[in-house]
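Chemist: Right, I'll just put the structure down here and ask away after.
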Amino acid sequence: MKFNTKVIHGGQQHDPSTGAVMPPVYQTSTFAQTSPGQPINPDYEYSRAANPTRTALENALASIENGTRGLAFSSGLAATDCVLRSFKAGDEIIAMDDLYGGTYRMFTRIYNNYGIIFHFVDMNNLEKLKEVINENTKLVWVETPTNPLMKLADIQEIAKITKQNKILFAVDNTFATPYLQKPLDLGADIVMHSATKYLGGHSDVIAGALIVKDEALGEQLHFQQFATGAILGPMDSFLVLRGIKTLHLRVERHCQNGGKVAEFLDKHPKVKTVYYPGLRSHPFHEIAKKQMSGFGGMVSFSFVSGKKEDAVAFLEKIKVFTLAESLGGVESLANYPVLMTHASIPEDKRIAIGITDDLVRLSVGVEDIEDLLEDLEQALA
Ligand SMILES: *Cc1c(COP(=O)(O)O)cnc(C)c1O
């Protein structure tokens, strides 16, 4: 089955009791048993362990990422948290030096306290990555493209190193989506998603996902989810499943509009740098061409003036774009990382990695491009 068929049919079956084409929202916590330990359907006893609506979503997730097991969580961070629970004090984790702010906060302010040691490295310096690896290293965590600077990491090259050293390799695939990039096929062990973003796609649900190829790893992660409890509810599972059915159509348009917005900004006299992997000037354009089949709808940019006031004025003037956190929905959003998504990163670190006071991040939606460009034009004037 090819991708555009998988988003609609992958892992799906009609509801066995009614033939319903979409799985019903099984809004139930528990399932009847005929004799102690003998549920009517052996797959379902209690919804923390499994719920049919969630199962339908989890099967879809496994299908579209070419994995064997999908797990749906109550948020993207809950999915990341589940992976982190595999480790103990003294274990070391190497993470990319440009991460979603909430991931960075979890690593440094929660799991650091449990004695797990984190190293943040530039994943384009593979020699440096090899240097930091030692016998305690258990996981490499990469986000590509990153939020908000659209840095890329070469998944295949990193996978070679992690395989050689028997280290788990997890990729946050939120920005690319499996329509554009399939980390498991490129050698990663775990794919993580904030399904709140492109998978859900309509800004109406908070959800997360993990997908793996290795069945034993899938079983271990499911046990951790079951034992700690951060599952996705039936209604939210239904919403993400519905979102996935149009993922290919939406992301195609996000890419078209994203590319046009990036080109427009690149030519604008008030704009200094445009961060978009599809631009030939982007430092990671070659890696993007190698491992992604399109460049997505996320575009960040800075101002020639370098001034915070210019970024703020722009964000106050936009009309079609909405100033809001989050991304990946059908509607265009704009974000000011310094005070919004990345406020949890200490100022010196933030500046050092390039999240400057004049940086704006756009999540380009699927509206008519003329309206989006007109809005940007008037807000930059
Ligand atoms: C939003 C986001 C997360 C966190 O997901 P939530 O659903 O908000 O918990 C993690 N990684 C990336 C890249 C994100 O954009």
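Chemist: Find the accessible area per residue for segment 130-264; the probe is 1.4 Å, ligands and nucleic acids are left out, and the unit is Å².
Modeler: Heavy-atom accessible area per residue stands at 35 Å².
Chemist: Anyone know which of 14, 282, 222 comes out most mobile in the 10 Å Cα GNM of the chain?
Modeler: Greatest mean-square fluctuation among the candidates belongs to 14.
Chemist: Using a 7 Å offset from the Cα along the Cα-to-Cβ direction at both residue 256 and residue 381, what is the distance between the two label points in nm, to one decimal?
Modeler: If labels sit at residue 256 and residue 381, their model points lie 2.7 nm apart.
Chemist: A further question follows. Go through segment 121-132 residue by residue and turn each phi into a ³J(HN,Hα) via Karplus (6.51, -1.76, 1.60, θ = phi - 60°); whole Hz please, and just put x for glycine and proline.
Modeler: Result, rounded to whole Hz: 10, 6, 6, 9, 10, 5, 5, 5, 4, 4, 5, 7.
Chemist: Just tell me, in residue order, which DSSP H segments of the chain are both 24 angstrom or longer along the helix axis (alpha-carbon based) and at least -1.0 in mean Kyte-Doolittle hydropathy.
Modeler: Helices meeting the span and hydropathy rule in the chain are 247-267.
Chemist: Please list, by residue number, every one of the trypsin sites (Lys or Arg not before Pro) in segment 145-231 that is coil in DSSP and has at most 10 other beta-carbon atoms within 10 Å.
Modeler: Those that pass, being in a loop and sparsely packed, are 166.
Chemist: Now for a different question. Ignoring any ligand, DNA or RNA, what whole percent of the accessible area of segment 3-244 comes from carbon and sulfur when the probe is 1.4 angstrom?
Modeler: Ligands and nucleic acids excluded, carbon and sulfur reach 51 percent.
Chemist: List every residue whose amide H lies under 5 Å from the amide H of residue 272, counting only residues 5 or more places away in sequence or on a different chain, with H placed 1.01 Å from N in the peptide plane.
Modeler: 302, 303, 304
Chemist: What number, in percent, do you get for the relative contact order of the chain if the mean sequence gap of Cα pairs under 8 Å and at least 6 apart is divided by its residue count?
Modeler: Relative contact order here is 17 percent.
Chemist: In addition: Using unit Cβ charges (K, R positive; D, E negative) and no other charged atoms, how large, in debye to the nearest 20, is the dipole of the chain about its Cα centre?
Modeler: With only Lys, Arg, Asp and Glu charged at Cβ, the dipole is about 420 debye.
Chemist: So, one more: Please give the calculated 222 nm ellipticity per residue for the chain, where each DSSP H segment of at least 4 residues contributes -39500 (n - 2.57) and the sum is spread over every residue; nearest 500 deg cm²/dmol?
Modeler: -11000 deg cm²/dmol
Chemist: Can I ask one more? Rounded to the nearest percent, how much of the accessible area of segment 248-380 (1.4 Å probe, protein heavy atoms only) is carbon and sulfur?
Modeler: Answer for segment 248-380: carbon and sulfur cover 53 percent of the accessible area.
Chemist: Check which residues have an amide H placed less than 5 Å from residue 123's amide H, if you skip close sequence neighbours.
Modeler: Amide H to amide H, under 5 Å and 5 or more residues apart or across chains, residue 123 pairs with 97.
Chemist: Once amide H atoms are placed 1.01 Å from N in the peptide plane, what residues at a sequence separation of 5 or more from residue 172, or on another chain, have their amide H within under 5 Å of its amide H?
Modeler: Residues meeting the amide H criterion: 142, 143, 144, 192.
Chemist: Continuing with this model, one more query. Where is the GNM fluctuation largest for the chain (alpha-carbon springs, 10 angstrom cutoff): 224, 291, 164?
Modeler: Maximum fluctuation in the GNM of the chain, among the listed residues, is at 164.
Chemist: What distance in nm lies between label points placed 7 Å from Cα along the C-beta direction at residue 285 and residue 38?
Modeler: 6.8
Chemist: While we're looking at this one, here's another question. Taking 7 Å along the Cα-to-C-beta vector as the label spot, tell me the residue 88-residue 135 distance in nanometres, rounded to one decimal.
Modeler: 1.6
Chemist: A follow-up question, please. Over the chain, what lengths in whole Å, largest first, do the semi-axes of the equivalent ellipsoid take, defined as the square roots of 5 times the eigenvalues of the alpha-carbon gyration tensor?
Modeler: In descending order, the three semi-axes are 35, 26, 18 Å.
Chemist: Could you give the accessible area per residue of segment 305-381, probe 1.4 Å, as a whole number in Å²?
Modeler: 43
Chemist: Residue by residue through segment 322-332, what is 3J(HN,Hα) from phi via Karplus (6.51 cos²θ - 1.76 cosθ + 1.60, θ = phi - 60°)? Round to whole Hz and write x for glycine and proline.
Modeler: After applying 6.51 cos²θ - 1.76 cosθ + 1.60, I find 10, 6, 6, 5, 6, 5, x, x, 5, 8, 6 Hz.
Chemist: Lysines within cross-link reach of residue 307: Cα-Cα under 23 Å, excluding same-chain residues under 8 positions apart?
Modeler: Answer for residue 307, where 23 Å is the Cα cut-off: 151, 267, 270, 272, 317, 319, 349, listed by chain and number.
Chemist: Can you bin segment 125-240 into rounded, prolate or oblate? Criterion: square roots of the alpha carbon gyration tensor eigenvalues sorted a ≥ b ≥ c, rounded for a/c under 1.5, prolate for a/b above b/c, oblate for the rest.
Modeler: Oblate, because a/c is 1.5 or more while a/b does not exceed b/c.
The values are calculated or read from the model by the stated rules, or taken from the named source; none is laboratory data. Everything quoted here is computed from the prediction, not taken from an experiment. Don't worry about glycine lacking a Cβ; one is built from the backbone with ideal geometry, like all the others, and counts go over all protein chains shown. Accessible surface areas use protein heavy atoms only, side chains included; no ligands, DNA or RNA. Shrake-Rupley method; radii C 1.70, N 1.55, O 1.52, S 1.80 Å.
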